[in-house]
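Step one of this worksheet: look at the structure below.
The values are calculated or read from the model by the stated rules, or taken from the named source; none is laboratory data. Treat the numbers as computed from the prediction; the structure is a model and nothing was measured. Every residue, glycine among them, receives a Cβ derived from its backbone with ideal geometry; neighbour counts consider all protein chains shown. Areas reflect the complete protein model, heavy atoms only, side chains present, ligands, DNA and RNA absent. Shrake-Rupley method; radii C 1.70, N 1.55, O 1.52, S 1.80 Å.
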Amino acid sequence: MVQGDDAMRPALTRQADIYRRLTRLVSAGAAEFGREACDQMTEMPVRPTTGHMVGHALREVDSAIRAVLE
């Protein structure tokens, strides 16, 4: 069983990879919105507006990806 910092390492590595790809393929702004969503999901204590703010950030990422694909 993986505990402590080692338990978070795969998730953090994947988040860093997604951030780099968003920056390179979409935009720096989309990457920052993605990073902010991840940061808010791990923030404790969870705030009442966390779900709303994460949803907004991910909609921005989605919109930026769709704009690139068009």
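Could you list, in sequence order, all residues of region 31-42 that are touching a Ser or Thr at 6+ places or on another chain (Cβ under 8 Å) and either of a type in the set (A, V, I, L, M) or modelled with pLDDT under 85 (or both)?
Taking region 31-42 and keeping what is touching a Ser or Thr at 6+ places or on another chain (Cβ under 8 Å), we get 31, 40-41.
Residues satisfying the conditions are Ala31, Met41.
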(message) Out of Leu22, Leu12, I need the residue that is at pLDDT 95 or above and not basic (Lys, Arg). Which one?
(response) Leu22
(message) Just to be sure before I move on: is Glu32 farther than 21 Å from Leu12 by Cα, free of Cβ contacts under 8 Å to residues at least 12 places away in the same chain and either open to solvent by less than 70 Å² (accessible area, probe 1.4 Å) or of a type in the set (Asp, Glu) (or both) in the structure I sent?
(response) no
(message) Go through (1) under 25 Å from Glu70 (Cβ atoms); (2) exposed (fewer than 12 other Cβ atoms within 10 Å of the Cβ) for Thr23 and report which single condition fails.
(response) (2)
